[in-house]
Each structure stands twice: as structure tokens, then as C-alpha cells.
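> Encoded as C-alpha cells, here's the structure I'll be asking about.
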Amino acid sequence: MVNNGNRSIIKSEPIDYLDFHGGMGMDTVEMYRIMCLIRVFEDRMAETYTEGKTPLFSIAGGPVPGEMHLAAGQEPVAVGVAAHLRADDVMTAPHRPHHAAIAKGVDLKAMTAEIFGKATGLSKGKGGHMHLFDPRVHFSCSGIVGAGLPPAVGAGLAMRHQGRDGVAVALAGEGAANQGTFHESLNLAALWKAPVIFVLEDNQYAISVPKSQSTAVMRNSDRAVAYGIPGVYIAGNDVMAIYEAAEEAVARAREGRGPTLIEVETTRLYGHFQGDAEVYLAEGQKEEWRRRDPISRFRDLLLARDLMSEERDQEIQREVREQVEEAIRYARESPEPEPSEAFDDVFVDI
Amino acid sequence: MVNNGNRSIIKSEPIDYLDFHGGMGMDTVEMYRIMCLIRVFEDRMAETYTEGKTPLFSIAGGPVPGEMHLAAGQEPVAVGVAAHLRADDVMTAPHRPHHAAIAKGVDLKAMTAEIFGKATGLSKGKGGHMHLFDPRVHFSCSGIVGAGLPPAVGAGLAMRHQGRDGVAVALAGEGAANQGTFHESLNLAALWKAPVIFVLEDNQYAISVPKSQSTAVMRNSDRAVAYGIPGVYIAGNDVMAIYEAAEEAVARAREGRGPTLIEVETTRLYGHFQGDAEVYLAEGQKEEWRRRDPISRFRDLLLARDLMSEERDQEIQREVREQVEEAIRYARESPEPEPSEAFDDVFVDI
Amino acid sequence: MESTQNRKITMARAISEALAQAMEEDPRVMLWGEDVGVYGGIFGSTEGLYEKFGPERVMDTPISESAFIGAAIGASAEGMRPVVELMFIDFFGVAMDQIYNHLAKNHYMSGGHVRHPVVLMTAIGGGYNDAAQHSQALYSIFAHVPGLKVAVPSNAYDAKGMMLAAIREDNPVIYCFHKGLMGLGWMPSDSLAEVHVPAEPYTVPLGQARVAAEGEDVSLVTIGAMVGKALKARDRLAREGISVEIIDLRTLVPLDRAAVVESVMKTHRLVIVDEDYRSYGMSAEIGAVVAEEALDYLESPIRRLAVPDVPIPYSRILESTVIPSEMAIVEAVRAVMES
Amino acid sequence: MESTQNRKITMARAISEALAQAMEEDPRVMLWGEDVGVYGGIFGSTEGLYEKFGPERVMDTPISESAFIGAAIGASAEGMRPVVELMFIDFFGVAMDQIYNHLAKNHYMSGGHVRHPVVLMTAIGGGYNDAAQHSQALYSIFAHVPGLKVAVPSNAYDAKGMMLAAIREDNPVIYCFHKGLMGLGWMPSDSLAEVHVPAEPYTVPLGQARVAAEGEDVSLVTIGAMVGKALKARDRLAREGISVEIIDLRTLVPLDRAAVVESVMKTHRLVIVDEDYRSYGMSAEIGAVVAEEALDYLESPIRRLAVPDVPIPYSRILESTVIPSEMAIVEAVRAVMES
Ligand SMILES: Cc1ncc(C[n+]2csc(CCOP(=O)(O)OP(=O)(O)O)c2C)c(N)n1
Ligand SMILES: Cc1ncc(C[n+]2csc(CCOP(=O)(O)OP(=O)(O)O)c2C)c(N)n1
Ligand SMILES: [Mg+2]
Ligand SMILES: [Mg+2]
């Protein structure tokens, strides 16, 4: 009686997507550049975060307030998916949002200023790192696990109602797949054939809890069966494999054929938040993740296939570093909000 | 890429479970008797409910207050499952609870008195028809869709922790399978291998909304795949088929092998609540359901196979009618609670 | 459109009429919830709308409140103006995160850049023995968290005007209709709620209380279904020579503090009548506002009459013990006059 | 067990010690929640318990708050005494139905036949820039709905004693610990919370307020992390010749009305300081209680200082604008003395 139904499609080989897509308009180097931009941003944020903190992770000190959840290592997910999105497509992201925001095209300076809590920030310093909103590129995120899924369904519904061929992407961690909103949203999206792509970043941990201790199945993508929609698991944290799966899912959604669930194996190169001692990780786990760094692997591939030169790579490194430094400089130099700002924007004034 | 995985096991033939089980300790006639008891109770409740109401369904008038959700037609689910339960096994039920309560062995007089809002009721008149609690047989229910599932998981966990070999059954409508609690509870039960049997009564409607307009898959039992547990769909509203599936699931749970999801096709012979004009039903739907009345079908089978005589049947009819009349009489004659009762039992006094 | 000077309609019809007019005037208005389609809403709030506007604009949902209320967040961010029904306010607990952490706060958390013009309409109240999970008022909880307007009409006129105001408003509004005011055939309903309602669209601004009846001796501040009960109590009390002024707050957020304070400055006495739980709620807030802003005018202690911090019991006699009744209001006013 | 007269420990340690002692004395006590196992609780509340009691009694859960809080309902009905951690009170909205419609009401709805000895412990409060969804107090919401006791310790001594009382209690208790009192290395923490804590098990009864400091001129009623701030403000005010009496409510339910009323009868003035939102919450309730029971003793209008009905903003300067500070308390007291 045990149900051994077929599970979701599993993709694990960084095979010849490159060959397949090489000439089809995809700019692999641009994807690489954005991944590098994210990585440099996250690394610099990690450094900046500890500045002036005593003890080292005292949340109260230094230029960056609050908690800090960094997404280094998870660049392939954000970039592989966002490569298919237009500015007017919608993305909702979770508490670990920087890679998604950058990939979706959120203004880096305003975003950095927001993370610094400055008046020039996306939300004038009121939102913070878990609450980045950029309506210009239809990006938002939330600090509540699983909370971005219902709004994505509604956004999809709205776009279809308006006759736009937009899609909505809901990004969430693998831990979010055990929250009620996951289930309700996938059912609703499937039922209404809403143009939504649900993307789970399986970094294998929810804070300290490994997936095996939170999730009754190996792959959440298998849960797509419960909604009669396609489910794909992408092993290997490989941006090209993600790119391909997302291409199909986005096309499907745009054409009105309904949602897809994609789960992506990925790695969290920092702790859950900055200051996490990660006592719960097996010895060597972190090193193993670092060895499989998706960015160096992608670089090697691009170089090996002559899709990028060493010079271009160095140029990219320079470029993104400058971009990040400029954003951080902008954030540092921006003024604090006026205290009275705290009282505005509770309601729209009529 | 569409996932066409195997779905849950589907059982639809009222085949030879009877032969199989005939000599194995199952008392088919007793099951029949309880189904009759439930039916007579629900029919009499329907009559009593309209007594003294002008207009006919005015919720304010007559001897029975409040809303009334009757389960006539759904007897096979409650009885087929409860036949495997001991008094110290746990059952949580939804807003449509009478059949479940009766099958689980809740005291009929105290339950009826509760539905009449009397001082002698299970809850001294404070709970009402959607809030029947009988700790003696570990029965409870709730008016919130999907709310009975998490407590069932916790009850299962507790029993295992205590070394009891008890099981918990969570009964819910097919509409509850789109509520977040369904998902969270199944995952948690599967993860913890809790001794829980989740039973969905698929009466095809949630108030006015047909399953096809609420549920992205045909059968919720297919959703068992999402938790790596067995899923079974029982078509035909047949008590013996349900009995068999429940037997396996209960044994599995008792032996520590974890939860099962069972969905049962059934029929709601009254409206969602008393007073529901059922404008949303297709013409002839109700008549069709009535034609397939599970009790008359079961009677015919028992008579045809000589498992019950005509005389015994008549005796049963007399018996259950008397039992119900006695319960109603008891309820009618019982005193109203004292007004001061309203202020007690908010907290346990220490 | 037909207009008349005396067109009394039920509150249910007033609401569905407001919805129909809003949907006619603005194609961005959509409606979804459980049984709001063919069924017309369990309490008749959406009667006829499915027939008029079709399944693209009036949608039944699964029993997935987090998902479909959360969907209104995303849909409104993309330019729609959803009206969503939560069948009973008692069910808020399955969807509160989407409501209070997102719908309510996104405008603020985005520095004013995201707007959610959403109306969440929901049935409140008891009086028909639906017991502890289907009879609550609970609006104080929504009024407590920042970012939500909270409207609680007491009659059909306000119901229509406040619904139109809520839909046109760029902020999320929790719109609470009391089941016992809807004029449903199958439930006791206060006929005082069935008043003249103009056929044309009009608005009742959110944040303006209404003096439901003038008086000299005591201010009775209340809202929703308690307004009708208070009016009846007032008649009784008038016969005893006690003149009661009744303030119908209409909305808890924005709260018309001035209306409350002015009335108390005139009458020097305050009774608060509320169908929500007594502690940490509406009755407390009004009491505190007066103790802040009109303390010196009070000639006797304030008095609160509300559900006495017990769940709503099922039996008729028990339920009527805990939900403020006309007689309980009379007694509360008398007590304040005597103290 | 070692006992001492001056064993100062952090509130986090006081809580985990109480849990350990409860688990030792009663095998029915189990613990579950997110990251309560190996991690020891994000805020250290369960440090060392997994090591001591093993995975059968200390269980990490999936991020499924409805399921695992609801599980405590079923487990307690079957004879266990679960302690469950909701990581932040801000997340209540994903699980509120299980909490307020079931955990809180089953005892009543069952006519007293079902008991749920459950402690739901949860982190509250701001002050470290965790923004709008991770910095709230929100306890007033739990205090508003009937059937839940609500405990909010202000120091390590109370934290241990109230936890033990809560676990031994047959009613569900919402136990709110303020992150800024826990003595965590990575977060600002009020050293006033780190007090002498006896090594032996002891209880602090739920429902008894504490006079945290005596005074003559004004009663300052508060709870949780605001107690420490109030004590510091009191020192400043003493230098100006203003004598402040500080009432630490300790629990919102049961509410020690007598303690509040007695203090106001002595001082004739009332300031309420609260980290929850201002309207329809704790500060309102205290104000209303005094307007009911001690009106004639008040010599000046009451004053409420609380989060001014805005979400908690992220930036440091904005957050400290809205969360009551020592200086804001000083000013509120001065204002009451002047009016
Ligand atoms: C509803 C809810 N429960 C708990 C939390 C606390 N929390 C924040 S992040 C997190 C882990 C999330 O894990 P996952 O979804 O896998 O994302 P990851 O952090 O690995 O990127 C938890 C439990 C929360 N923010 N919201
Ligand atoms: C969380 C929640 N949402 C909505 C309701 C209102 N409601 C009560 S019963 C019901 C339909 C339930 O359908 P189903 O689960 O199929 O059970 P059935 O009534 O068919 O037995 C609804 C929507 C509720 N009680 N709880
Ligand atoms: Mg993760
Ligand atoms: Mg059904």
C-alpha cells in the first residue's frame, strides 16, 4: 500500500545546457557577472557587518543594524531564474533576499542604503534587510518563512486578469516547504492556473535543522504531485541547469499553462545569520561546500569553453567590486532618517 | 516535465472483504447497527431542529439552538474506521461530528443534551454541536476546518512517548485538505512516524464549492506522496472497503510504522447545514446520492449473504429508534444550565 | 438609477449593492472568498454579484485563508483592488500573519512605496448560538495592530457608504458586518439596522463617529450591533428620566477621539458597551482615552459592559448572559447614574 | 543542589534552569520548537536541555507552527505537559487559530473536562533593529482572548519562578521573554535583569504584581523590559524630587487590578509604560481599570507611553523613536506631574 509514485524530475548534470543555449540569446557572461556582483556584495556585507561590533557579532554595534542573512553560495538560483524575468515580472523573496534582489535588478545603492538604515534607502530606512521593496522591478521580500508565496499567487492572478503576460516567482528556502502557506499557495496557483513559479532553495538547513529532520520526503519537488503541476529538482547548484528548468517553467507560466515547482540544491556559505557559530554542522561540511563553490565552477567552465577570457573575468571582478564599493560608500555617506520619519507611511494619506 | 507519478491506491469495489473478514472477529451486524443508529439520530435531529422554527430554518427558534451540520450518508466512514479503535484511542472530528462521535462511543444522551444546550450535556451546554468533547473515549471536535489535525499528531506523539500502543484518527472533510494545517500535520506525523490515521470524507462539496473548484488534484489521497506515506482512496462509500483500509492503517500506526492518509468517497444526504437550499447542486444530484444510500446497500448485502435476518434488522431498527428517542427525551427533559455556569471553566482553578 | 427618500433595505443588500456599484465603476475591483460565488456569500453579502460580474471577477476559493487573503496582497500591489471575504472573523487565526505582518505593514515597511487597497470583509458577532468559534467580535485585535483601518457599520446606510469608502481607500480596511444586522431570514436581526439607503453610490468617511442619539446625562459609546441595543435601552431609560447620548464609533481605526471626548465633556459620564471581550480591547481604549483627555469632566467612574472575558457559550441562556443585552445596558447606565 | 544568596545569572539561564528542573521533577514535561535541540534555542532558552534529556524529550520541529503548537493541544489532552517555543511572538499569525480557538477555549468548551497544561514560550520585544516583523510585544492580543494566562517576566528571578509556576499550572500559559533581558552576548541586554536566582526550584505565582520600587508621587505601571527602563528613569526623577512607584505587573492575565488600584490610591497619578502598541492594548486596559476603580483618586489625567501605533521601523534612530526609552519615560512622568 505504500505509495511509491514517480517523483519529480531530477536534474543533476551540468551537461550540455551550455551548448544547447550557447547561441540562443542567453548571455552566460552576464549571468556570471551578476553572480560575482552578488558574491562580492555578500562578502563585503559580511565584513562591514562586523565593523565596530564588540563582541564581534553584537547586533547593536557598527554601521549595519539588525540581523544579517547572507546568500553567498546561492547565487545560481537567483541568477538562473531571474535571467528569464522582465522588470514587470514579480518576485517575492524570503528573509535571505540579497541575491534575489540583485538578480531581479533592485537598485543596488538604494538597497544598500536601506540595509544601513539610511534615509536614501529603498524604504527610507524603515524596512531593513528583510524588507526590501522595489516596486520599480516588482520585488518584495518578507521575514516570515513562507509568507511570500500567497502574494505571488495574487500577483499572478492580477497580471492574468489585466491581460499582462507577466509571471510571478516566489522564492523560498527548503524549510518553507513545511509551512501551511506553501501548500495553500501551490494548490491555489494550480487550481487557478496562475502564472507562478515556485522556487525552493534547498540549502539543506533551516537555521540548525537539517532537511532530514524537518521534511518527510527527500525532495520537496516531489510535492508537486499533490497539485498536479510539474516538479523539478536541480542537483548540483549549477546555474545553467537552473537556467534551463526556469526557462521551461517561465514559458509555461507565460503561456497560461500554470505553475511549476522547482527545488534547487544549493549551499549556504555563511551561517544562518552572521554570528551563527554553526555548531550543528558536521565537521568538514562547510569546507566541502566551499570546495564546490558554484561561482568558481562556472568561471572554470566559461574559461574552458572560451566563452569568457581571463581578461574579461578580471574586468568583471574590478567592475563588480567598484559597484559594490560605490553602493557601500553611498550608504555610509547617506544621512540618517529624521526621527519624525517613524510616524509617516502607516497609512496612505487620502 | 509534467509529473505523472503514480497516485494513491484506489479501491472502488465492494468486493469480497466480507468473505475475507467474515470469520475474523469483525461484527458486521454491529457495524450495521451503529450506522443505523447514526442515521436515525441524524434524521430525528433534522426533524427536531425545525420544530418551532418560523421561518422554517430560523436559527433562533425551537429546542435546538445554533447551526446544524448533519452527517447522514457519511456513516460508512465513521463506522468503518472506528470499528478498529479502542476507547483509549484518540479521535478528532470536524464541524460535522455526530456520526464520528457515535461511532467512537460518545455517550449518546450526554451528547444529545449538549446539542440541546442543556446542563446535562457533555459540556454542560457550553460547547454545542460543533464542540463535543468526551475524554472518556478520547473524542473531540472543532468548528474550524482543518483544526483537528495538529492535535491528532500531538496525541499520537504523546501515546507513543507514554508507551501506549494507541492511535489517533483525525477526521476531516475533503475541503480541509486545502488548509495549511493539513500539510503541516501530515508532514509532522510522517516525520515523527506518529501513530495517526488521517481520514478525509470526500462528500464532494465544501458548503457550495465542489471539489473540482477547490482542489488541484482529483484525489487528496494522492497527496500522501508529498509525505512519503501510504495514500488510499476508497470509492463507493462502502463500509467494508473502508473497514479494510482502516484496518491496515490502524495496524500500521499501532506497530509504529507511521501515518496513513485515507480519503473516502461519500455523500452528504442533507445540506451543508440545515436550511441550506443547495441551489448549487446539479439537478438530480441529491436523488442520485439517495439512490446510493450506503445503509440500504449494506443491509441488502447482509441479508443476501445471510449475515443478518429480516427479524434482526427489524429488531435493530426498533432498538436504535428507542435509543435515539430516549436520548432526545433525556435532552428535552434536562434542565437549562444556570446562568452563572457561563462564568465557570475559563480556567482550571488551582 | 432609482433614488428615493425612503428605501429601506437590509444591511446584506446594502453591502452587495455597494459591491456591485464599486465593481461597475472600477474594473480593478475583484471579489473572492469562500462561497461568495453562486451561493452569494453565507450571509448574503455578495448576493447576485456572480451572476452580474461572472467568474472572472467573483471567485470562490478553497478553504485556504492564508493563501487567498495573501493573494490580495500581491494582486493589490499589481494594481487590482480586491475585496476578500473571510467568512467569520473567528477564523482570523489561520491567516493572521498575512493580514497583520504584510497587508497591514507593507506600506510602512516599503517607505510608502507599496499600496494595498484591499477590503477584507468579515462576519462578526453572536446572538444565535453559534458558540465559541463562530460568535466573536474580535475587532479590537485588528485595531491594536498598526496599518489596518477597522470599520464596523451599525446599519444599512453606513454599511453601504462605508463599504464604498473602504473600496475607494488606498489602505487596507477590515470591514466587519454583524450577522445579526444583516436582515437574514434565518437569523434574528435588528430591524433598526434596516434603514433608508439611497440607491446612488455615496460614501461614509472612515474615522467619523456619529451621534446616534443626543442626550444630556451620560455618554454611551458603542459600535456595531450594540448601537441598536443601546437605542432601545435609551428609550427605556428615558422613561426613567435618564437622558442618554449614544455615540456610534463606526470605525475603531481611525478612532474619532474628539467625538467621544466632546460627548463626555457634555454629559460627564461614560458607559462603554462592546460585544468584544472586555479586557485589553475596545472598551479599555475608550476608557483610557477619556481618562487621558477628559478626566476632569468625569463625575463618576466609567463603566464597561462587554463580553466578560469568557468564550461565547452555546446554550441560549448562557450566551445571553455574556453578550450585552438591552437590559444589561439599562443596568449599566443606571449604575453609572447612581455612582 | 547548590544554593547561594547571591547567584546572579542571566534570564536565559534562569529559563533553561527552570525547564531542566521541571523536566527532572516531572517526566510528562516535554519540549519542542524550532532550533530548541542542538542549537539550544535561538535565544538560549533551552540551552543544554537536549544534551541532558535527549531527542525523545527535546525535539526540533519543522517550520510548521500550526502543527507543532496544535500538537501540544493533543499531547496535553493525553496527559503530557508540553513546553513549546514559538521562536518570535511576531510569528503568532501563522498559528493563532490553534492557540486562541483551541488551546485557550477547549477547557471551557468541554465544560471543564479537558485540560491543556501547555506553556507556549516566545520571544518578544525590540531594541536591536530587527524591524517590523521581529520586534513586537503583542502580548495584549493574547491577554484579550479568554483562556490564556499571559506571563512577562522582567528579570531572571521572576523568569525562573514564573516558568516553574507556568509548567505546574493546569492552564495554558503564554510565557513571553524579552530578548533584551536574556543576557545574550550578541544583543544589548539590561543588566538589571540579571539578579540573584536561587538554585532550588521555586515558583512565582501568576497573577501577583510586584512593587518594583516604592514611591509617593506617581504610579508607573509597566511590565517586561520596561521595568528596568522605568527603574532607571526613576533614579533620574528622584534627583528632581519626583518619587515614582513602579508596579511590575508580571502577568497580564490574571491581572492584579488591586495592586494597580492601591498604588494609584496612594500616589494619585498614573503613567503606563508599555512596549506593545499603544491603542487597544495593555496601556488602555490599565487606564480603564483605574478610571473604573480609582477615578476619584486621580489628580491628573493618566498618561500612556507605548509604541505609537506604528510598525517597528528598522533604522536605529527610528526604532528608538518609537520604543519607549528611559528619557521618554522621564518626560512622561514629568508631564503627569505638571498637569
Ligand atoms: C513563520 C516563521 N517561523 C519561523 C521563523 C524563524 N526563521 C527565520 S529563517 C528560518 C529558517 C528558514 O529556513 P529555510 O526556509 O530553509 O531558509 P534558509 O534560511 O535556509 O535560507 C526560521 C526558522 C520565521 N521567520 N517565520
Ligand atoms: C478555517 C475555516 N474556514 C472556513 C470555515 C467555514 N466552513 C465551515 S464548514 C466549511 C466547509 C467544509 O467542507 P469540508 O471540509 O469538505 O467538510 P463538509 O462540510 O463537506 O463535511 C467551511 C468553509 C471554517 N469553519 N473554518
Ligand atoms: Mg534552508
Ligand atoms: Mg466536503
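> Name every residue in the stretch B:46-65 that is within 25 Å of B:Ala172 (Cβ to Cβ) and surrounded by fewer than 24 Cβ atoms within 10 Å (Cβ to Cβ), in order of residue number.
B:Ala46
> Would a scan of the stretch B:107-118 turn up a residue that is of a type in the set (S, T, N, Q) and in a helix (DSSP H, G or I)?
yes
> Can you confirm whether the stretch C:295-318 contains a residue that is without any contact (Cβ under 8 Å) to a residue 60 or more places away in the chain, among the small types (Gly, Ala, Ser) and under 21 Å from D:Ser300 (Cα atoms)?
Yes - at least one qualifying residue is present in the stretch C:295-318.
> Looking at the stretch D:42-56, which of its residues are within 19 Å of the chain's Cα centre (by Cα) and closer than 25 Å to D:Gly79 by Cα?
The answer is D:Ser45, D:Thr46.
> Looking at the stretch D:31-55, which of its residues are among the acidic types (Asp, Glu) and without any contact (Cβ under 8 Å) to a residue 24 or more places away in the chain?
If the condition is that a residue be among the acidic types (Asp, Glu) and without any contact (Cβ under 8 Å) to a residue 24 or more places away in the chain, then D:Glu51 is the only one that fits.
> Another one. Looking for something of a type in the set (S, T, N, Q), farther than 28 Å from D:Glu24 by Cα and modelled with pLDDT under 95 - is there at least one such residue anywhere in the stretch D:214-222?
No, the stretch D:214-222 contains no residue that is of a type in the set (S, T, N, Q), farther than 28 Å from D:Glu24 by Cα and modelled with pLDDT under 95.
> Those residues that are farther than 26 Å from A:Phe182 by Cβ and surrounded by fewer than 24 Cβ atoms within 10 Å (Cβ to Cβ), I need them from the stretch D:51-76; list them, please.
Those that are farther than 26 Å from A:Phe182 by Cβ and surrounded by fewer than 24 Cβ atoms within 10 Å (Cβ to Cβ): D:Glu51, D:Lys52, D:Phe53, D:Gly54, D:Glu56, D:Arg57.
> Within the stretch D:13-130, which helices (runs of 4 or more DSSP H) (wholly inside it) include 2 or more residues that are within 16 Å of ligand 1 (Cβ to nearest atom)?
It comes to D:65-77.
> Could you please find all residues in the stretch D:132-168 being without any contact (Cβ under 8 Å) to a residue 60 or more places away in the chain, hydrophobic (A, V, I, L, M, F, W, C) and not in a helix (DSSP H, G or I)?
D:Val145, the sole residue that qualifies.
> Also: Name every residue in the stretch A:72-100 that is within 20 Å of C:Lys105 (Cα to Cα) and touching a Leu at 6+ places or on another chain (Cβ under 6 Å), in order of residue number.
Those that are within 20 Å of C:Lys105 (Cα to Cα) and touching a Leu at 6+ places or on another chain (Cβ under 6 Å): A:Ala93, A:Pro97.
> Here are the criteria: (1) at pLDDT below 95; (2) closer than 30 Å to B:Asp300 by Cα. Tell me which single one B:Asp43 does not satisfy.
Answer for B:Asp43: the failing condition is (1).
> Just a yes or no: is a residue in the stretch C:278-301 within 14 Å of chain B (Cβ to nearest Cβ) and at pLDDT 95 or above?
Taking every residue of the stretch C:278-301 in turn, at least one turns out to be within 14 Å of chain B (Cβ to nearest Cβ) and at pLDDT 95 or above.
> Next up: If you go through the stretch D:79-103 one residue at a time, how many are surrounded by 24 or more Cβ atoms within 10 Å (Cβ to Cβ) and farther than 27 Å from D:Ala12 by Cβ?
Residues flagged as surrounded by 24 or more Cβ atoms within 10 Å (Cβ to Cβ) and farther than 27 Å from D:Ala12 by Cβ within the stretch D:79-103 amount to 4.
> Right, something else. Pairs only if they're at least six apart or on different chains, beta carbon under 9 angstrom, first in the stretch B:193-209 and more than 12 Å from every other protein chain (Cβ to nearest Cβ), second near ligand 2 (Cβ under 8 Å from one of its atoms) and among the polar types (S, T, N, Q); list them, first residue then second.
Pairs found: B:Glu201/B:Gln74; B:Asn203/B:Gln74.
> Quick check on my filter: what residues within the stretch A:229-250 are crowded, with 22+ Cβ neighbours inside 10 Å and within 7 Å of chain B (Cβ to nearest Cβ)?
Listed by number, the residues that qualify are A:Pro230, A:Gly231, A:Val232.
> Please find, within the stretch A:251-291, the residue that is nearest to ligand 3 (Cβ to nearest atom) out of those that are surrounded by 15 or more Cβ atoms within 10 Å (Cβ to Cβ) and among the basic types (Lys, Arg).
Among those that are surrounded by 15 or more Cβ atoms within 10 Å (Cβ to Cβ) and among the basic types (Lys, Arg), it is A:Arg268.
> Select from the stretch A:68-80 the residues that are under 9 Å from the mean Cα position of the chain (by Cα) and not in a loop (DSSP other than H, G, I, E, B) and list them in ascending order.
A:Glu75, A:Pro76, A:Val77, A:Ala78, A:Val79
> Moving to a separate point now. Any residue in the stretch C:65-81 that's more than 7 Å from chain A (Cβ to nearest Cβ) and within 18 Å of C:His113 (Cβ to Cβ): show its pairings with residues that are away from ligand 3 (no atom under 16 Å from the Cβ) and part of a helix (DSSP H, G or I) at Cβ separation under 7 Å, as long as the two are six or more apart or on different chains.
C:Arg81/C:Ile167
> Still on this structure, please answer the following. Taking the stated definitions as given, is A:Val169 aliphatic (A, V, I, L, M), at pLDDT 95 or above and within 16 Å of ligand 3 (Cβ to nearest atom)?
In short, no.
> Right, here's the next one. For residues that are closer than 30 Å to C:Asp309 by Cβ and either in a helix (DSSP H, G or I) or not β-branched (Val, Ile, Thr) (or both), tally how many sit in the stretch B:297-350.
Total satisfying the criteria: 15.
> Does A:Ser221 meet the test of being within 16 Å of ligand 1 (Cβ to nearest atom) and over 19 Å from the mean Cα position of the chain (by Cα)?
In short, no.
Results for (1) free of Cβ contacts under 8 Å to residues at least 40 places away in the same chain; (2) among the polar types (S, T, N, Q), shown as yes or no for each residue.
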| site | (1), (2) |
| --- | --- |
| C:Phe177 | no, no |
| C:Pro201 | no, no |
| C:Gln208 | no, yes |
| C:Leu231 | yes, no |
| C:Leu237 | no, no |
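> Let me ask something else about it. For A:Ala226, are the conditions met, namely being closer than 19 Å to B:Gly180 by Cβ, without any contact (Cβ under 8 Å) to a residue 60 or more places away in the chain, within 10 Å of chain B (Cβ to nearest Cβ) and part of a helix (DSSP H, G or I)?
Judged against the criteria, A:Ala226 is a match.
> Do you know which residues across the stretch C:155-176 are away from chain A (no Cβ under 14 Å) and basic (Lys, Arg)?
Result: C:Lys160, single match.
> When you scan the stretch C:47-67, how many residues do you find that are among the basic types (Lys, Arg) and touching a strand residue (DSSP E or B) at 6+ places or on another chain (Cβ under 7 Å)?
Total meeting the criteria: 1.
> Just to be sure, is B:Ser123 modelled with pLDDT of 95 or more, within 15 Å of ligand 2 (Cβ to nearest atom), facing chain D (nearest Cβ under 8 Å) and under 26 Å from B:Gly62 (Cβ atoms)?
When the stated conditions are applied, B:Ser123 does not pass them.
> Looking at the stretch C:7-50, which of its residues are buried (at least 23 other Cβ atoms within 10 Å of the Cβ) and among the aromatic types (Phe, Trp, Tyr)?
Correct list: C:Trp32, C:Phe43.
> Quick one: in the stretch A:86-107, which of the residues that are basic (Lys, Arg) and away from chain C (no Cβ under 14 Å) is nearest to ligand 3 (Cβ to nearest atom)?
My answer is A:Arg96.
> So A:Ala83 clears everything in (1) of a type outside the set (S, T, N, Q); (2) within 14 Å of chain D (Cβ to nearest Cβ); (3) within 18 Å of A:Arg39 (Cα to Cα) except one condition, right? Which one?
If we test A:Ala83 against (1) of a type outside the set (S, T, N, Q); (2) within 14 Å of chain D (Cβ to nearest Cβ); (3) within 18 Å of A:Arg39 (Cα to Cα), just (2) comes out false.
> If you check every pair at least six apart or on different chains, which have Cβ atoms under 7 Å apart with a residue in the stretch A:159-183 that is within 14 Å of chain B (Cβ to nearest Cβ) first and a residue that is away from ligand 1 (no atom under 16 Å from the Cβ) second?
Here the result reads A:His183/B:Phe182, each pair linking the stretch A:159-183 to a residue that is away from ligand 1 (no atom under 16 Å from the Cβ).
The values are calculated or read from the model by the stated rules, or taken from the named source; none is laboratory data. A quick note: this is a predicted structure, and the numbers were derived from the prediction, not measured. In this analysis, Cβ positions are derived from the backbone assuming ideal geometry, glycine residues included, and neighbour counts consider all displayed protein chains.
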